[in-house]
Each structure stands twice: as structure tokens, then as C-alpha cells.
Amino acid sequence: MKVLVTGGAGFIGSHIVDKLVQEGHTVKVYDNLSSGKMEFIEHHIEKTNFEFIRANLLDFETLKKEITGMDVVFHIAANPDVKLGAKDTKVHLEQNVLATYNLLEAMRINDVNDIVFTSTSTVYGEANIIPTPEDYGPLIPISLYGASKLAAEAFIMSYAHTFGIRAVVYRFANIVGPRSTHGVIYDFIMKLKKDPTKLEILGDGTQTKSYLYIDDCVDAILFGFRHRKNDVEIFNIGSEDWINVRKIADIVVEEMGLTGVKYQFTGGKRGWKGDVPKMLLSIEKIKSYGWKPRHNSEESVRLTARHLIREFM
Ligand code: NAD
């Protein structure tokens, strides 16, 4: 396949790129390096089946040119910072909705008819069915980020219906692993590196969510893409259990070999405005297709903490 990977220099994107390049596909990464890093993809630069384009999805002319001749687009690029929406109300509209619209237009004009999209559990908002299945509704996101990803999904679905595009949408739990540059594990390690005697924990520590290791995530993405049964598919992707923030703090502290760390909770049931305190996705649908995760939430967190500590300490 000839694959365009938007956001291919980011955390999840670069792991997908590793796999696609290794499988021998022709891979073109389209990334503006706003949060992605060259070091995540530079080991591919000399390869004949790899190309990197540093460009913005909002630059429509470049996008239209670079998408020519592609078989499929893995649309991973986004601004994934949920907290930011409470301070900057435009960023998710531009980076997640407009960017997706530009991509769909570029696909339509160039006859590229297949898209894989990385969406999120935050489209469900505070679901009252847990584990939450794909057909849960109504979808009431509580963050501007969640709203932007739901809007992007809606554009993808409607383009698929109107212009005959095939689409696989993945709604992720928290994805963790080497190269992650944001999220609770990264945040705790950075704080403890600065001051190993105390740890600020956002919220009351009882927020409980599902975490999935990056290798499982990449496996699931490629599995769902290859085993889809319909032109449009939505899959939840996550592990089958959850873990609370306090326990994550304990794991990070333990993996860093620290003792006597004083936890300071900022209080409240949410870590920040728009934070969904309880999240566990039903993954029965993708399991019925034949995929299941290898790691549970605790293992995923521990493996990630171990890797990131080695990376940053
Ligand atoms: P990331 O920030 O590491 O990756 C995003 C990449 O997109 C970066 O390389 C960035 O430079 C690029 N990018 C952003 N805006 C761009 C633009 N306008 N033009 C070109 N490139 C642009 O984030 P991630 O954690 O790897 O997330 C990847 C995807 O998965 C996102 O769509 C995110 O919404 C989704 N997601 C992530 C998680 C998670 O736990 N990490 C959970 C649910 C959904």
C-alpha cells in the first residue's frame, strides 16, 4: 500500500509508521512537528519506502499535492491536549475539525478513498453505561477536544456516505508507551524528576480509567483495518480493566525507586475541566472480530513508566 500518515512523527503515529515501514509499505509522513519529534522517525529517513513532508494540514495546497497517488490515509494528526480547550477555544476546531475537513477534501479531489481515523473515548462524555459500547448514545462530550473529535468523526462518516470513501474510526482509551510526550505517567515522572519528595496529583486521585499499551494499540489498528466487514466501521480500543490515578502514582514512585513521596491532591473528582473521571470502553466488538489486548491497564502503566524513566532520567 501507499500510505499517507498524518501526525506520523507523534507518539502513536510514529509507532504505526514503524510497523508499516517494517511491513514494506510505502509510507509518507505528513506532520508539522507541532508536538511530533524528528527523533521518532529519523531511523527511517534513508529508506526508499519512506518519505517525510514537514507541512501543516491547514496548508491545503501542499496537502492536495502530497496526497496524490495514495491508497489510504492514516489520519493520526490532532491537537490531543484536552486541558487546552478550556483556555484556547479555537485550537481544537482548527487542528482537529478544519484539518480533518481539509484532508477529506484533498482525498475527494484526488480520488483517495480509504481513511483510518484515531478518535477518542471523550466523544462519549460521562457515559452512564460502563463499559461503554460503540452504539452508546446520545454522545455528549464535555470537553472541546471531545467535541472536535466527534465533529471530525461526523465529517468522515458523511464524506464516506456521500463520496464513497471507506473509513475505520478507532475510539481509544488512554494509550501509553515509549515516546509519549503527554499524559499522567509522563506528567508524574517530570514532576518527580524536579522534586522527588512530593507529587502534585490533579483531582482527588480516584479518577479511574482504562490504559492500553502502544504495541497493543498499533496491533488493534492494523487488525481492524484488515478485518473490517463494512465500508464504515467504528471500534473501541482499550484494555478490559481500569486503574485509578493514585495507583498510577504508586507505580511511578515504585518504578523510580523512591520512598516517602508526599502526595498533594488538588481536589475534586476531575483532574481538570473536561476530564471524564470514569472511563472504560467495551471492546466486545473488536474481540468478536478476533483481536484482544495482551496487557491490562496496570501492566500497560508499569511498562510505560519503566520505559519513560529510562528515557528521561
Ligand atoms: P501527538 O501529539 O504525539 O501526535 C500528534 C501529531 O500530529 C504530532 O506529531 C503533531 O506534530 C502532528 N500535528 C498536529 N497538528 C498538525 C497539523 N495541523 N498538521 C500536521 N501535523 C500536525 O499525540 P498522540 O498521543 O500520538 O495522538 C495521536 C492521535 O490519537 C490523535 O488524533 C489523538 O486525538 C488520538 N488519541 C490519542 C490518545 C492517547 O492516549 N494518546 C487517546 C485517544 C485519542
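Please tell me which of these pairs span more than 22 angstrom C-alpha to C-alpha: Lys2/Lys149; Lys247/Lys278; Lys90/Lys149; Lys229/Lys292?
Values: Lys2/Lys149 25 Å; Lys247/Lys278 14 Å; Lys90/Lys149 13 Å; Lys229/Lys292 17 Å.
Those over the limit are Lys2/Lys149.
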Legend entry - For the chain, built as a Gaussian network whose Cα springs stay under 10 Å, the top-fluctuating residue of Val252, Val218, Val261: Val261
Legend entry - Whole-Å semi-axes of the ellipsoid equivalent to the chain (Cα gyration tensor, √5λ, descending): 31, 22, 19
Legend entry - Residues whose placed amide H lies under 5 Å from that of Val232, excluding near-sequence neighbours: Ala167
Inset, instruction - Can you run the Rg to Rh ratio on region 229-313? Use alpha carbon positions and the Kirkwood inverse-distance Rh. - result: 1.07
Legend entry - Gained length - Lys64 relative to Glu23, 0.36 nm times residue gap less alpha-carbon distance: 12.1 nm
Inset, instruction - Over every pair of different alpha-carbon atoms in region 138-243, take the mean of 1/r and invert it; report that Kirkwood radius in Å. - result: 16.4
Legend entry - Net length gained if the chain between Leu258 and His182 were fully extended (0.36 nm per residue, minus Cα distance): 25.2 nm
Inset, instruction - Work out the P(r) tail for region 1-81: percent of alpha carbon pairs separated by more than 22 Å, whole number. - result: 14
Inset, instruction - Determine the sum of side-chain charges near Asn96: Lys and Arg each +1, Asp and Glu each -1, restricted to other residues whose C-beta is under 13 angstrom from that of Asn96. - result: -2
Inset, instruction - Count the DSSP beta bridges whose two residues both fall in the chain, then state the antiparallel fraction as a percent rounded to the nearest 5. - result: 5
Inset, instruction - List, in order, the whole-Hz ³J(HN,Hα) value for each residue of region 181-195 obtained from phi through the Karplus relation with A = 6.51, B = -1.76, C = 1.60 and θ = phi - 60°; use x for Gly and Pro. - result: 10, 7, x, 5, 5, 4, 4, 5, 4, 4, 5, 6, 5, 6, 9
Inset, instruction - Calculate how steeply helix 11-22 sits against the longest principal axis of the alpha-carbon atoms of the chain, using the helix alpha-carbon long axis, and give the answer as 0 to 90 degrees to the nearest 10. - result: 50
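Throughout, read-outs are computed from the coordinates displayed, never taken from laboratory work. As the structure is a prediction and not an experimental result, all values here were calculated from the model. Cβ: placed from backbone, ideal geometry, glycine included. Neighbour counts: every protein chain shown.
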